[in-house]
1. Any idea which of 131, 84 is assigned by TED's automatic domain parsing to the domain that holds residue 29, without any contact (Cβ under 8 Å) to a residue 60 or more places away in the chain and within 15 Å of ligand 2 (Cβ to nearest atom)?
2. Determine whether segment 206-217 contains at least one residue that is at positive phi and either within 16 Å of ligand 1 (Cβ to nearest atom) or not in a strand (DSSP E or B) (or both).
3. Just to be sure before I move on: is residue 118 more than 17 Å from the chain's Cα centre (by Cα), within 16 Å of ligand 2 (Cβ to nearest atom) and outside any loop (DSSP other than H, G, I, E, B) in the structure I sent?
4. Could you check segment 12-109 for helices (runs of 4 or more DSSP H) lying wholly inside it with 1 or more residues that are over 21 Å from residue 268 (Cα atoms) and within 17 Å of the chain's Cα centre (by Cα)?
5. Among the candidates 180, 126, 109, which residue alone is on the phi > 0 side of the Ramachandran plot and surrounded by 19 or more Cβ atoms within 10 Å (Cβ to Cβ)?
6. Quick check on residue 93: is it touching a helix residue (DSSP H, G or I) at 6+ places or on another chain (Cβ under 9 Å), surrounded by 15 or more Cβ atoms within 10 Å (Cβ to Cβ), modelled with pLDDT of 90 or more and under 30 Å from residue 207 (Cα atoms)?
7. Give 158, 105, 125, 112 a once-over and let me know the one that is closer than 22 Å to residue 25 by Cβ and near ligand 1 (Cβ under 7 Å from one of its atoms).
Ligand SMILES: Nc1nc2c(ncn2[C@@H]2O[C@H](COP(=O)(O)OP(=O)(O)OP(=O)(O)O)[C@@H](O)[C@H]2O)c(=O)[nH]1
Ligand SMILES: [Mg+2]
């Protein structure tokens, strides 16, 4: 089943961003470098599209460096878009963003025209961590959980440089099914909005096709590329002693292990999508969505009596 998570506070965030963006000079969108396409918010693009935007490929320490380079090249080839890979929680890393903001909005600076920067992104991408790193203080609460920041917060970096931290924002209808799974695997979706087994199976399916050696090394397996996803999940459970009565495998426990190991980076540095793959998933998602809407319209049309019918 497709994953959807748009709790009430996100609707408030959407409104707050739409209001705030009017008086903003630069938007920093914090992406998760492990899923850059899926963590790019189409709703945000709609609201902030006319503002200079800096895309941060955050958590680059957890992502596959070859793929991070591909994504950086991909974004930098789009006019008006600039992408910078970053590890927000590494000392000094965030400081390069200050000159990048000035380059994007050269007219701003000085007390009369302070630089106003809005930081946004999906839940758990590292927005608050980035703000704390930029200001060298723990202004903003952070945690490895979706939905920690609940209200917009203004932080004064210098007399002429303001930052606005915003709560994580998703979008009301995630039409790319794979994006929903990748967002859930990364920790951007609330726990009750997805089924761990389903997310783990999707994750294993991708890993066994693209990162088989990492999966095999971590769980002491062989030949995962040729196995079914369910077989891999069971093998993980067996290897970790996640067992039920009569030797049956506790697949729920195994699923939790797979997700935790991905989030904890114990599997290695992994990126769940390339620019080409994501473009394909997006086209497929849009096609399915268009078909769904057309069917719905046809059903409505049938239900109504027409004059010539
Ligand atoms: N390894 C690694 N971890 C990071 C990085 N940036 C942030 N984190 C961790 O990711 C988790 C989420 O960070 P937050 O800053 O709370 O994320 P947020 O985007 O503010 O999340 P919400 O407020 O829930 O929307 C925390 O556990 C951070 O320590 C990074 O570059 N690398
Ligand atoms: Mg936050």
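The values are calculated or read from the model by the stated rules, or taken from the named source; none is laboratory data. This is a predicted model, so every value here is computed, not measured. We place every Cβ from the backbone using ideal geometry, glycine too, and count neighbours over all the protein chains shown.
1. 131
2. Step one: filter segment 206-217 for residues at positive phi, giving none.
No, segment 206-217 contains no residue that is at positive phi and either within 16 Å of ligand 1 (Cβ to nearest atom) or not in a strand (DSSP E or B) (or both).
3. Working: more than 17 Å from the chain's Cα centre (by Cα): yes; within 16 Å of ligand 2 (Cβ to nearest atom): yes; outside any loop (DSSP other than H, G, I, E, B): yes.
The answer is yes for residue 118.
4. The helices (runs of 4 or more DSSP H) meeting that bar are 42-48, 65-76.
5. Criteria check complete, one pass: 126.
6. no
7. One residue alone meets the criteria, 125.
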